[in-house]
DNA sequence: CTTGCTAGG
DNA sequence: CCTAACAAG
């Protein structure tokens, strides 16, 4: 169970961010996503795979007290990202300036003024899956190359960022139950994992979850086939990737495996908001 | 509740025939179709809209004690008819020799030797719906014209027939709850009802159900929209159409509204088997 | 509103 | 195995 923010000494200065691939916002709403969110103490929620069109995105998907922003794919019922926030948003940007990031609703970014001297960007990213074949893997690989350039630019520009989302890549052995059996599976390919190494080791981004949690068996996605989730045969592919200004401000991280309204679990990270 | 055949003085000489549009045999199986059939005392069952391919038609759809014959459409998951019989079948014919009757699995006929001096043909017919637009209505009308010729031929040949099925046409005012509101609806169009008049009045076929039941409010299909079935806002569009040799042998007819494994109800008719 | 197909995951 | 679109009813 995730603690209430009120357990912190100064809970007003803790930012709780949730990342969740909802696998269809309409389906996850029926399964209690918004009931869970109401009790989660979340400040900002980054959703992926919303699979909802603007005209279907009715009031029941916009609970009172939340600022809600949707970036749908052009294709109905496919992909899409959203950001929900209890805190005021200064501005919202959608897309990354290249093909499928923009046409498939794979990136939405909210900019906040938390009064800490720098604008904070919190983004929801839905990286393509490569599992449906060679063509899909090729499109994923192109996305990775294009997106790496943007990540580098943000670092060069000294942006403060927390990019939550479904990266569809496990990083290390600890991040997947069946390591040896998945070496040739999309999402666990050596060149994909090397891409994450590059982001962290060379560009200096931080895996917020691993910054404070080093235990194995903490996954964020389980196949729907068989009893994968019950047996915890999972993959950790949902991350909070942040710039190094957050390094010493990560005060807690959880994956909420029992929140079962999707094939993914919510990944929750608490960040301390303060001027150093 | 439909009586057991054992309530008849000589139940061995009563033939119980069931017509049921199953709206997907796989779905209706899950909802208890075969449990109901096991207690129905049926001898022959004519199914329409089976929506199952031969390779999907596994053992669970072939209960022991039944002879089972499927005539699927070429298109997967679409239309299709079947005949199930506890009594031995002499031969089975599929199709009517014209286009969509044959390619869409809309007619299957079993021939029986009941030892009454003449072969008896029991058929399952699934007449096209015209409700999806003008093109569909035009195809239905062509079917009606082609099929009328065949019905005439069977009469000329003095065949003994019981053609069960979903005719997708109400006959008279008594056969539909909302008569005035459906005068322009496919299935209740004047020319369609006139076609049924022709079959009965000019070709001499008999509506087995109406031969023994004259009450209103006995329907065989209800829309899935709203609470149509609960409110009994229905249509009688499923018939047993038989040749006049059966006229004095119809001993009971029921529509089993509470058997809810489809948007249609089973229509059950008992026929006395005897040499006059 | 429902079945089943298909694409996508 | 799950979601959602689609065609058909």
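Values quoted throughout were computed directly from the atomic coordinates according to the rules given, and no laboratory measurement underlies them. These figures come from a predicted structure and were not determined experimentally. Here Cβ is always computed from backbone atoms with ideal geometry, including for glycine, and neighbour counts include all displayed protein chains.
Which one of B:156, B:141, B:119 has the biggest mean-square fluctuation once chain B is modelled by GNM with Cα springs under 10 Å? Maximum among the listed residues: B:156.
Ordering of A:86-97, A:122-133, B:68-79 by packing is A:122-133, B:68-79, A:86-97, highest average first (other Cβ atoms within 10 Å, averaged per residue).
Here the label points at residue A:62 and residue B:158, each 7 Å from Cα along the C-beta direction, are separated by 7.7 nm in the simple model. Only helices enter this figure: runs of n ≥ 4 DSSP H residues, each worth -39500 (n - 2.57), summed and divided by the residues of chain A, yield -5500 deg cm²/dmol at 222 nm to the nearest 500. Listed from fewest to most Cβ neighbours within 10 Å, the set B:237, A:20 follows the order B:237, A:20.
D for the protein assembly as shown, whole µm²/s, Stokes-Einstein with Kirkwood Rh over alpha-carbon pairs at 10 °C and 1.306 mPa s: what number?
57 µm²/s
With its label point put 7 Å out from Cα toward Cβ, residue A:194 sits 7.8 nm from the same residue's point in the other copies, in order from shortest.
Set the Förster radius R0 to 22 Å, insert the Cβ-Cβ distance between residue A:183 and residue A:231 as r into 1/(1 + (r/R0)^6), and round the FRET efficiency to 0.05. Step by step, r from the Cβ atoms, then E = 0.60. Among A:192, A:29, B:215, A:202, the order by Cβ neighbours within 10 angstrom, fewest to most, reads B:215, A:202, A:29, A:192.
By the count of neighbouring beta-carbon atoms within 10 Å, fewest first, A:195, A:221 end up ordered A:195, A:221.
Is the shape of segment B:22-174 rounded, prolate or oblate, going by the alpha carbon gyration tensor and its root eigenvalues a ≥ b ≥ c, with a/c under 1.5 for rounded and a/b larger than b/c for prolate?
Since a/c reaches 1.5 but b/c is at least a/b, the shape of segment B:22-174 is classed as oblate.
Nearest 0.05, what FRET efficiency do residue A:135 and residue B:53 give at R0 = 35 Å with Cβ-Cβ as r? Result of the calculation: an efficiency of 0.75.
Over all orientations, segment B:206-258 has a Cα convex hull whose mean projected area works out to 3.8 square nanometres. Approximating the spin labels as points 7 Å out from Cα along Cα→Cβ, the residue B:251-to-residue A:145 distance works out to 8.1 nm. Each Cα pair under 8 Å and six or more residues apart adds its sequence gap; the mean of these over the residue count of chain B is a relative contact order of 20 percent. With the convex hull drawn around the C-alpha atoms of segment A:158-201, the volume per residue stands at 86 Å³. Assuming a ≥ b ≥ c are the square roots of the Cα gyration tensor eigenvalues, decide whether segment B:187-276 counts as rounded (a/c under 1.5), prolate (otherwise, with a/b larger than b/c) or oblate. Oblate. Placing a label point 7 Å from the Cα of residue A:141 along the Cα-to-Cβ direction, the distances to the matching points in the other copies come to 5.8 nm, shortest first. The Stokes-Einstein estimate for segment A:5-272, based on a Kirkwood radius over Cα pairs and taken at 37 °C with 0.692 mPa s viscosity, is a diffusion coefficient of 177 µm²/s.
In this assembly of identical copies, the label point of residue B:87 (Cα plus 7 Å along Cα-to-Cβ) is separated from its counterparts by 7.9 nm, sorted shortest first.
Distances longer than 24 Å among the Cα atoms of segment A:120-271: what percent of all pairs is that?
30 percent
Placing a label point 7 Å from the Cα of residue B:10 along the Cα-to-Cβ line, the residues of segment B:91-131 whose backbone N sits under 19 Å from it are B:113-120.
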